[in-house]
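**Q** Attaching a single structure in structure tokens format; questions to follow.
No value in this document is a laboratory result; all are computed from the given coordinates. What you see is a predicted model, and the numbers here were worked out from it, not measured in a lab. No Cβ is skipped: glycine too gets one built from the backbone with ideal geometry, and neighbour counts run over all protein chains shown.
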2 protein chains.
Amino acid sequence: MMRYPRPMLDSEFIYLDHAAATPVDEQVRAAMAPYETQLFFNPSSPYKPAWDVRHAFEQARADLAHAIGAKPAEVVITAGATESINLAVGAVNACEGEPGLQGGAHHVVASAIEHSAVLACVQQHPHTLVPVNGNGLIDPRDVRAAIRDDTCLVTIGLANNEIGTIQPLRAISETIQHVRQERLRNGSAVPIYLHTDASQCAGLLDVNVSTLGVDMLTLNAAKIYGPKQVGLLWASRDVRLCPLVVGGGQERGLRSGTENVAGAVGFAQALQMAVSQRKEEAARLSSLRDALQKALLDANPDAVVSGHKKHRLPNLLHISFPGLDAERLVYLLEDQGVYVGTGAACAANKATRSHVLEAIGLADDAADGSLRFSLGRLSTQDNTQRAARIVVDVVRGEYERVGSEHVRMNAESFWDNEPVPPKGLW
Amino acid sequence: MMRYPRPMLDSEFIYLDHAAATPVDEQVRAAMAPYETQLFFNPSSPYKPAWDVRHAFEQARADLAHAIGAKPAEVVITAGATESINLAVGAVNACEGEPGLQGGAHHVVASAIEHSAVLACVQQHPHTLVPVNGNGLIDPRDVRAAIRDDTCLVTIGLANNEIGTIQPLRAISETIQHVRQERLRNGSAVPIYLHTDASQCAGLLDVNVSTLGVDMLTLNAAKIYGPKQVGLLWASRDVRLCPLVVGGGQERGLRSGTENVAGAVGFAQALQMAVSQRKEEAARLSSLRDALQKALLDANPDAVVSGHKKHRLPNLLHISFPGLDAERLVYLLEDQGVYVGTGAACAANKATRSHVLEAIGLADDAADGSLRFSLGRLSTQDNTQRAARIVVDVVRGEYERVGSEHVRMNAESFWDNEPVPPKGLW
């Protein structure tokens with residue numbers, strides 16, 4: 001009856017696209033299993049075993065909240081990061097009745113390099129996109145300049161999903177705090193919130209909401225070895241959310257639909273593992289990534305590494321080979337069992353040039369030859385070194401094929417274009 | 001680290017709440033497993049194994065579509081029935097620009113006994129609720145009377161989730177076809193669509209979209225032994241949908257977010273099994289349900305069975321014991337290992353009286369003593385008979401406790417209040 005493809009995966013394949021998807025961890029699967037088969041009850045059903053299921057769901061919410069330093073009542077469990085982001089940006093609609101906001105305008109500020117899900121939401125409102133520098137870094141002063149009297153929301157991803165640059169969110173939070181104080185002094189009651197999509201970051205960076213200084217935070221189970229189609233939005237009690245989906249009134253009316261108990265339990269298990277293993281794993285991946293980067297740059301001195309040298313996701317390497325075609329590289333690498341992305345999976349699928357690379361001013365010639373390596377739990381020293389050798393060979397072969405005239409076009413050295421970051425940003 | 005309750009389930013428990021939740025079938029779990037661990041790739045990633053995952057997702061969509069007699073391109077995979085319903089009712093927003101609709105009004109017609117998810121969506125628009133008769137039956141003439149010149153949507157559940165009454169959807173569809181023809185003659189370009197939530201019905205009734213004559217259909221994997229948090233909305237190509245969640249542009253821009261490949265594959269497996277086993281399973285459950293009903297009515301001649309005698313979900317028995325307290329009954333039955341609901345799980349959780357029972361005019365005294373038995377794959381002749389004996393004993397004990405003065409109050413006999421249904425309705 002089922003005719004689904006079961007590709008014969010080479011067990012020796014080297015997966016370097018953890019930013020696009022992660023396998024579900026076996027401990028996560030084990031934690032979920034009882035809620036799929038034995039304890040499958042609807043948490044709203046009236047008998048005791050269903051109450052136990054409800055309790056497990058609320059325990060998962062509490063564990064998720066604890067992992068980010070938040071209160072359980074402030075966590076909404078969603079069907080993934082995209083839904084969370086839509087819910088977060090939709091909060092500006094709740095500002096409609098606020099005094100001081102004439103004409104129902106709800107201005108939103110975002111960075112030019114946000115994930116397409118954020119940009120799509122922001123574009124539904126009056127908005128300003130803040131530019132980034134060549135390393136993908138946002139200057140908090142630019143955020144301040146973009147904030148208008150009717151700005152209700154600033155949404156800035158904690159780390160960019162393509163080039164890995166980590167934003168000075170704490171400094172942006174302080175900027176917003178200043179705006180709040182100004183508004184208070186001026187008698188304006190217009191609220192302003194800071195949302196961050198940290199989906200790429202849990203397990204790699206600190207995602208404690210107090211440390212970050214945000215009002216809303218999006219996380220995604222699918223990026224941290226949890227189940228697909230599960231995410232959360234944390235919103236501080238000050239934020240009024242507007243439901244996208246109405247119905248039975250689950251999640252305090254903010255997100256109706258029968259609760260995904262197994263999914264929440266799996267997400268909680270995944271997040272707890274990610275947070276507890278973070279420091280060790282980030283150090284391990286950073287070391288593997290740095291070695292990969294060195295190997296590729298040693299062999300290709302004119303390759304361009306994008307992202308901030310220091311403030312970059314420890315598992316991510318975005319590297320451009322000017323004059324080469326990234327799609328061909330992906331194909332040739334796949335043929336050698338190395339799976340690597342060209343950028344955001346959903347953008348890659350549309351075969352358009354990345355808005356992130358445009359925003360950092362990467363030359364088209366380099367942008368078109370860009371690969372994104374993202375390491376994770378499937379990465380080992382051995383398979384990362386093997387991948388490095390394969391990439392070096394494939395890139396050399398491609399340069400030989402296209403001729404070397406392209407090699408020195410438009411290439412900038414990574415280490416030279418690093419501006420001095422403002423002090424005390426992070 | 002994890003402190004989740006693992007209730008010691010008596011392996012001999014008797015589950016009679018299949019309408020609230022179903023366990024994930026082992027074949028469904030097996031179909032999903034490869035897409036959680038080995039084939040976990042993001043379907044939008046650029047390498048071949050990710051394309052295979054994309055292909056599996058599209059194959060699942062094709063199988064889902066085939067099972068309901070629809071085209072794959074018309075199926076949107078969602079995070080469950082509530083989201084599907086929100087998407088369906090939100091389609092009236094797409095009518096905004098239609099000529100003939102002044103002032104942006106988009107009137108919706110629903111029945112008074114729709115699921116709370118449908119009612120919550122409908123209440124966001126100008127709407128009219130069509131009454132039902134004492135058996136929960138909608139008269140298509142009442143639907144016609146409720147349709148205004150600016151009505152864009154009629155949404156009627158195929159079968160009621162509390163009392164099981166199956167609506168004459170085909171006749172309602174024909175009514176709407178007449179309205180379309182009238183509008184055409186009158187030069188009106190206002191569209192009108194018929195949506196049905198058939199979440200309770202797959203595996204029990206024919207859910208072929210052509211047979212039903214609908215324009216949109218909602219289904220839910222969680223009600224048919226598939227995974228939680230997966231549903232679909234089928235919408236004919238004539239319907240313009242408005243996305244609730246924007247972002248990466250997945251699902252033809254109608255529902256952004258990384259695709260839940262394992263969930264879709266599991267849903268397809270579950271729906272195919274439900275459809276292929278439907279006739280046999282419906283007959284089996286109907287026979288068990290009828291025996292349960294007879295046993296309970298024989299012991300309690302004044303109990304009230306709600307729903308239509310003939311046009312009723314084959315697995316469902318809604319029975320009221322006037323003068324008794326349903327919550328106490330649930331508790332006492334649970335103590336004997338029998339799990340039964342009092343109605344819709346989400347309504348039950350709020351301890352409010354059911355709007356369905358109010359709509360059919362059931363006396364409060366009976367409504368408050370109502371149980372909903374819903375049979376399914378966990379039901380056998382043996383455990384249904386045992387349940388019948390336990391319910392009879394518990395009900396007898398309760399009547400002895402509260403005294404018999406309540407017994408004959410407000411009770412109507414099921415078999416006497418059955419009106420003659422209009423001919424050719426189904």
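**Q** How large is the Kirkwood hydrodynamic radius of segment B:12-76, counting all unique pairs of alpha carbons, in Å?
**A** With all distinct Cα pairs of segment B:12-76 included, I get 14.2 Å.
**Q** Moving on. Any aspartates and glutamates with Cα under 16 Å of the B:Lys48 Cα? List them, leaving off those in the same chain fewer than 8 positions away.
**A** A:Asp10, A:Glu12, A:Asp17, A:Glu327, A:Glu334, A:Asp335, B:Glu58
**Q** Compute the signed sum of charges (Lys and Arg +1, Asp and Glu -1) over the other residues within less than 9 Å, Cβ to Cβ, of A:Val245.
**A** -1
**Q** Relative to a virtual label point 7 Å from the Cα of B:Asp149 in the Cα→beta-carbon direction, which members of segment B:176-202 show backbone nitrogen distances below 19 Å?
**A** Once the point is set 7 Å along Cα→Cβ of B:Asp149, B:178-193 turn out to lie under 19 Å by backbone N, inside segment B:176-202.
**Q** Taking 20 °C and 1.002 mPa s as the conditions, I'd like the Stokes-Einstein D for segment A:165-225 in µm²/s, using the Kirkwood hydrodynamic radius from alpha carbon pairs.
**A** The diffusion coefficient I find is 167 µm²/s.
**Q** Something else about it: If you wrap segment B:26-276's Cα atoms in a convex hull and average its projection over all directions, what's the area in nm²? Don't skip to the answer; put the middle values down first.
**A** Details: hull surface 53.6 nm².
Averaged projected hull area, Cα only: 13.4 nm².
**Q** Separate question: When the Debye formula is applied to the Cα atoms of segment B:204-362, each taken as the same point scatterer, what base-10 log of I(q)/I(0) results at q = 0.11, 0.15 Å⁻¹?
**A** Calculated log10 I(q)/I(0) at the listed q: -0.66, -1.09.
**Q** Here is a further query. Over all distinct Cα pairs, what is the inverse of the mean 1/r for segment A:183-292, reported as the Kirkwood hydrodynamic radius in Å?
**A** 16.1 Å
**Q** For the protein assembly as shown, give the magnitude of the charge dipole about the Cα centre (Cβ charges: +1 Lys/Arg, -1 Asp/Glu; no others), in debye to the nearest 20.
**A** 60 debye
**Q** Take peptide A:228-237, look around each residue's Cβ out to 10 angstrom, count Cβ atoms belonging to other protein chains, and average those counts.
**A** Taking all residues of A:228-237 together, the mean is 3.
**Q** Here is a follow-up. Which pairs break 30 Å Cα to Cα here: A:Lys71/A:Lys309; A:Lys223/B:Lys223; B:Lys223/B:Lys309?
**A** A:Lys71/A:Lys309
**Q** Counting only residues 5 or more places away or on other chains, whose amide H sits under 5 Å from the amide H of A:Tyr193 once H atoms are built in the peptide plane?
**A** Amide H neighbours of A:Tyr193: A:Leu153, A:Val154.
**Q** What number, in percent, do you get for the relative contact order of segment A:278-406 if the mean sequence gap of Cα pairs under 8 Å and at least 6 apart is divided by its residue count?
**A** Working: 145 pairs, mean separation 43.5, N = 129.
Once normalised by length, the contact order is 34 percent.
**Q** Per residue, what volume in Å³ does the Cα convex hull of the protein assembly as shown take up?
**A** Numbers: hull volume 140.0 nm³, N = 852.
Cα-based convex hull of the protein assembly as shown, divided per residue, equals 164 Å³.
**Q** Taking 1 over the mean of 1/r across every pair of different Cα atoms in segment A:278-406, what Kirkwood radius in Å do you get?
**A** 14.9 Å
**Q** Which far-off residues, 5 or more places away or on another chain, put their amide H under 5 Å from the one on B:Val130, with H placed in the peptide plane?
**A** Result for B:Val130 returns B:Ala110, B:Ser111, B:Ala112.
**Q** Picking from B:Leu244, B:Leu254, B:Leu333, which is most flexible by a Gaussian network model of chain B using Cα springs under 10 Å?
**A** Comparing B:Leu244, B:Leu254, B:Leu333 in a Gaussian network model of chain B, the most mobile one is B:Leu244.
**Q** Compare B:His125, B:His106, B:His178 in a GNM of chain B, Cα atoms joined below 10 Å, and give the one with the largest fluctuation.
**A** B:His178
**Q** Could you quote the convex hull projected area for chain B, Cα atoms only and averaged over all directions, in nm²?
**A** Over all viewing directions, chain B projects a mean Cα-hull area of 22.6 nm².
**Q** May I pose another question? Per residue of B:151-158, what is the mean number of Cβ atoms on other protein chains within 10 angstrom of that residue's Cβ?
**A** For peptide B:151-158, the averaged partner shielding equals 0.
**Q** Further, regarding this structure: Helix-derived [θ] at 222 nm for the protein assembly as shown: sum -39500 (n - 2.57) over DSSP H runs of at least 4, divide by residue count, nearest 500?
**A** Helix contribution divided over all residues of the protein assembly as shown: -11500 deg cm²/dmol.
**Q** Also, quick follow-up: Filter chain A for me: DSSP H helices, axial length by Cα at least 20 angstrom, mean Kyte-Doolittle hydropathy not below 0.5. List them by residue number.
**A** For chain A, where a helix must reach 20 Å along its axis and average at least 0.5, the hits are A:261-276.
**Q** For chains B and A related by rotation, which residue of B has the Cβ nearest the axis, and what is the rounded distance in Å?
**A** B:Ala79, 2
**Q** Near A:Gln269, within a Cβ-to-Cβ distance under 11 Å, what is the net charge of the other residues, with Lys and Arg +1 and Asp and Glu -1?
**A** Working: positive: A:Arg29; negative: A:Asp25, A:Glu26, A:Asp63.
Around A:Gln269, the charge tally is -2.
**Q** For chain B, give the magnitude of the charge dipole about the Cα centre (Cβ charges: +1 Lys/Arg, -1 Asp/Glu; no others), in debye to the nearest 20.
**A** Numbers: 39 positive and 48 negative charges, 206 e Å.
Rounded to the nearest 20 debye, it is 1000 debye.
**Q** Quick one: which residues, 5 or more positions from B:Arg240 or on another chain, have an amide H under 5 Å from its amide H? H modelled 1.01 Å from N in the peptide plane, none for Pro or chain starts.
**A** none
**Q** Pick out which of A:Lys228, A:Lys294, A:Lys71 has the largest mean-square fluctuation in a Gaussian network model of chain A, springs linking Cα atoms closer than 10 Å.
**A** Sorting by GNM fluctuation, first place goes to A:Lys294.
**Q** Right, here's the next one. Shielding of B:326-335 by partners, i.e. mean partner chain Cβ atoms within 10 Å per residue?
**A** Working: counts 1, 1, 0, 1, 4, 3, 0, 1, 6, 2.
Per-residue shielding by partner chains comes out at 2.
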